[in-house]
Each structure stands twice: as structure tokens, then as C-alpha cells.
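Bear in mind that the values in this text are calculations on the coordinates, not laboratory data. If you're wondering where the values come from, they're calculated on a predicted model, not measured in any experiment. Backbone-built Cβ (ideal geometry, glycine too); neighbour counts: all protein chains shown.
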Amino acid sequence: MRCDVTDAKEVKKCVEHIVEKHGYIDVVINAAVLHESDAVTLDKLKATDLDKSLETNLKGVINVCQLVLPHMQLEMYGRIVNLVSVTGAKPSQGHLVSASSSAGVIAATRAMAKECSNVGVTVNCVAYSFVDTETGSESQEYLKRAAKETPIGRAAELAEVAGAVAWASCEENSYTTGFVYDCTGGLL
């Protein structure tokens, strides 16, 4: 289901609908992530851009987790995977907004992992950097930057990021929690 993760009431309706329809929630992938496309220095930073990023990237994750964790804890099972920009673990110049919100998600992930790890619920992150979308929306300049800046020499394919998310959310991955999986082409 899709919903506005910044609106706790909308998230609550979504969670209640899923639990009513299926009886439980076993996996949540928090993938609502805003990332500024152009580098912005601190002196040019707009408060509205910072607010929007923190609302979506950080508060959105917390809203969703706050509402699904009680259901997972009752079932004594759950997997939560939060997608984060590489800037959260390795900030880059001009990306203060995404670095701040992604670092907040990493810290929140680790805190939540400690709160619920004793009841079979894991909470992890998948950090990404350059991703080549199937729609071809990425510019040639973006792909050239990926080739130049990543040690692996290219942007990730969507399937590669999905593979990291799948592993982080699978039943067999029951011992890793509070971890940031690296799907950054070697940038971390």
C-alpha cells in the first residue's frame, strides 16, 4: 500500500487496513527517501528543503515503525528495512540535508533494533549511492559520475539494491540487526 509517511494518521489507517486484511505485518521496507539532486552549501540551504527531507526521510520512518512494531512484537517476528543515502554514513559536500536525515535514520534504526531484538524483530538499513533506474531517467552525466566516483565503476542496478533489501528482510537473516548494508559500489 502507498501512503504519505509524513502523516501519522494516514500511516495508521494503512497499517490497520493491512492487519485487518492479512492478520499481521511481517516485513516493512521504508523506501520513501528524498535526496537533493544539486549540491547546496549551508549558506544557500532553505529551511523548507530541510524540513521536507527530515519529515519524509526521518519522521516518515519513525511514523511507520512506531505503528508496525507493536504488531510485529505481538507476533514475535518482523523485519524492517530502512533505505538510506550513502551520505548518512559518509557525508559529501553540499549534501547536508540528505546526510542529516539519513544519519538520523541510521541512528533511529540502531535504537529501534535494540528495543525489539529480543522478540524476533530485526531493524536494518540498506545504504545506496548511484542507482540506474529501469525507466532510463538517470542522465548520462549522473551515470558518468557513478563510473568515476564509485570504486566499482558504475551505478547499481535496481535488482542489486533489491537483492540487499531482500536479504535484510528474509526469515533466514535473524541474527543481524541495527546494521547498515552497503549497496554503494564501495563508497562506504
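Just checking, which of Ser117, Ser101 is part of a helix (DSSP H, G or I), of a type in the set (Gly, Ala, Ser) and touching a helix residue (DSSP H, G or I) at 6+ places or on another chain (Cβ under 7 Å)?
Working: Ser117 fails: touching a helix residue (DSSP H, G or I) at 6+ places or on another chain (Cβ under 7 Å).
Only one candidate passes the filter, namely Ser101.
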Selection count where residues are surrounded by 10 or more Cβ atoms within 10 Å (Cβ to Cβ) and assigned to a loop (DSSP other than H, G, I, E, B), scope segment 1-22: 5
Residue among Asp43, Asp38, Asp51 that is surrounded by fewer than 17 Cβ atoms within 10 Å (Cβ to Cβ), part of a loop (DSSP other than H, G, I, E, B) and of a type in the set (D, E, K, R): Asp38
Test: residue in segment 54-61 that is assigned to a strand (DSSP E or B) and of a type in the set (Lys, Arg): no
Cross-chain or 6+ apart pairs with Cβ under 6 Å, segment 46-70 first and in contact (Cβ under 8 Å) with a residue 24 or more places away in the chain, then among the hydroxyl-bearing types (Ser, Thr, Tyr) and assigned to a helix (DSSP H, G or I): Ser53/Ser101; Leu54/Ser101; Asn57/Ser101; Leu58/Ser101
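Yes or no: segment 92-113 includes at least one residue that is of a type in the set (D, E, K, R) and more than 27 Å from Leu158 (Cα to Cα). Please lay out each step first, then the result.
Start the filter on segment 92-113 by keeping residues that are of a type in the set (D, E, K, R), which leaves 110.
In the following step, the residues that additionally are more than 27 Å from Leu158 (Cα to Cα) were identified as none.
No, the conditions are met nowhere in segment 92-113.
Can you confirm whether segment 146-153 contains a residue that is out of contact with any Gly (no Cβ under 8 Å at 6 or more places or on another chain), basic (Lys, Arg) and under 30 Å from Leu42 (Cα atoms)? Reasoning before the result, please.
Quick first cut of segment 146-153, residues out of contact with any Gly (no Cβ under 8 Å at 6 or more places or on another chain) only: 148-149.
Restricting the remaining residues to those that are basic (Lys, Arg) gives 148.
When the remaining residues are screened for being under 30 Å from Leu42 (Cα atoms), the result is 148.
So far as segment 146-153 goes, yes, one or more of its residues are out of contact with any Gly (no Cβ under 8 Å at 6 or more places or on another chain), basic (Lys, Arg) and under 30 Å from Leu42 (Cα atoms).
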